[in-house]
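So the structure is just underneath, and the comments pick up after that.
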Amino acid sequence: QKEVEQDPGPLSVPEGAIVSLNCTYSNSAFQYFMWYRQYSRKGPELLMYTYSSGNKEDGRFTAQVDKSSKYISLFIRDSQPSDSATYLCAMRTQGGSEKLVFGKGMKLTVNP
Amino acid sequence: EPEVTQTPSHQVTQMGQEVILRCVPISNHLYFYWYRQILGQKVEFLVSFYNNEISEKSEIFDDQFSVERPDGSNFTLKIRSTKLEDSAMYFCASSVETGVQYFGPGTRLTVL
């Protein structure tokens, strides 16, 4: 089983739709969970950062972590064409290793 | 807003040549990282650097690779003898502590 799995899509939605992006993971030692947005041939840009389980909201974005299921989600409300990008989940353990382990990324297109 | 910068944006080199990729991390950050992303694949951790020494490296980071912080602002990745399979986007990242990592825009390395 891969350490972090993410459906690469692509996903195409109409403007205004609610988007749900998900990752599963196998390493129960992961404690920090991040979502990055990456535009074509650019660097990953941090969107959301959560520690351990729970929800975090920032504007139109909500991140959820369910450690019991080893499942994380990013919801985008009222999606806009400017949200069109690749969304990467990333995670790391607490203490010890500093490396981020990434999912493959989901390519999202929001159509006007 | 402070950001990580990288130069050059695109580097083309011949197989067997040495390349140096340069990064200027965010000024008050203490931890520095290199990642790479082969086209169509996941972002992969290469190395982390703290207090002027490597703190962690991946299996990819073999003897062909080295990192250096030659002065108070730059952080470099050197590939001694490039191979075709080194062609990728290389991302530098930095963090204040072992937490959220902020990424630069990347250097696209093409090995011919």
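The values are calculated or read from the model by the stated rules, or taken from the named source; none is laboratory data. These figures come from a predicted structure and were not determined experimentally. All Cβ positions, even for glycine, are placed from backbone atoms using ideal geometry, and neighbour counts span all protein chains on display. Please note that ligands, DNA and RNA were not included when accessible areas were found on the heavy atoms of the full protein model with its side chains. Shrake-Rupley method; radii C 1.70, N 1.55, O 1.52, S 1.80 Å.
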Requested in this report: Within the set of other residues whose C-beta is less than 12 Å from the C-beta of residue B:76, count the net charge using Lys and Arg as +1 and Asp and Glu as -1.
Outcome: 0
Query - Rough spin-label spacing in nm, given labels placed 7 Å along Cα→Cβ, for residue B:7 and residue A:7 - result: 4.4 nm
Query raised in the report: Which whole-number percent is the relative contact order of segment A:51-110 (Cα, under 8 Å, 6+ apart)?
Result: 25 percent
Query raised in the report: Using r as the Cβ-Cβ distance of residue B:60 and residue A:80, and R0 as 30 Å, what FRET efficiency do you calculate, to the nearest 0.05?
Result: 0.25
Requested in this report: Within segment A:61-111, report the trypsin sites (Lys or Arg not before Pro) that DSSP leaves as loop and that have at most 13 other Cβ atoms within 10 Å.
Outcome: A:77
Report summary line: The ratio Rg/Rh over the Cα atoms of segment A:1-99, Rh being the Kirkwood inverse mean 1/r radius, stands at 0.96
Requested in this report: Could you tell me the total accessible area buried at the A-B interface, probe 1.4 Å, in square angstrom to the nearest hundred?
Outcome: 1800 Å²
**Report entry** Rel. contact order, % - alpha carbon contacts under 8 angstrom, at least six apart, chain B
**Finding:** 39 percent
Requested in this report: Give the percent of DSSP beta bridges with both residues in segment A:14-112 that are antiparallel, rounded to the nearest 5.
Outcome: 95 percent
Query raised in the report: Along the principal axes of its C-alpha atoms, what lengths does segment B:5-97 span, in descending order and rounded to whole Å?
Result: 35, 23, 23
Requested in this report: Return the aspartates and glutamates within reach of residue A:42: Cα separation strictly under 19 angstrom, same-chain partners fewer than 8 residues apart disregarded; answer none if there are no such residues.
Outcome: A:83, B:1, B:3, B:44, B:86
Report task. Kindly provide log₁₀ I(q)/I(0) values, in the same order as q = 0.08, 0.14 Å⁻¹, from the Debye equation applied to equal alpha-carbon scatterers of the protein assembly as shown. Result -> -0.29, -0.88
Requested in this report: Obtain the nm distance between the two label points defined at residue B:38 and residue B:100 by a simple spin-label model: each point lies 7 Å from its Cα along the Cα-to-C-beta direction.
Outcome: 3.2 nm
Report summary line: Output for segment B:20-112: GluC sites (Glu not before Pro) sitting in coil per DSSP, at most 14 other Cβ within 10 Å, listed by number, reads B:59, B:97
Requested in this report: Sort out for me the Cα centre separation of segment A:1-59 from segment B:27-86, rounded to whole Å.
Outcome: 24 Å
Query raised in the report: Any idea of the accessible area per residue across segment A:73-112, 1.4 Å probe, to the nearest Å²?
Result: 35 Å²
**Report entry** For segment A:2-111: relative contact order, % (alpha-carbon pairs under 8 angstrom, 6 or more apart)
**Finding:** 37 percent
Query - Accessible area of segment B:5-97 belonging to carbon and sulfur atoms, whole % at 1.4 Å probe - result: 46 percent
Report summary line: In order over segment B:17-26: 3J(HN,Hα) from phi, Karplus 6.51/-1.76/1.60, θ = phi - 60°, whole Hz, x for each Gly or Pro, gives 7, 8, 10, 10, 9, 10, 9, 10, x, 5
Query raised in the report: HN-Hα J couplings of segment A:64-74 from phi, Karplus 6.51/-1.76/1.60, θ = phi - 60°, integer Hz, Gly and Pro as x?
Result: 10, 10, 10, 5, 5, 9, 6, 9, 10, 9, 10
Query raised in the report: Per residue, what accessible area does chain B have, given a 1.4 Å probe and all protein chains present, in Å²?
Result: 50 Å²
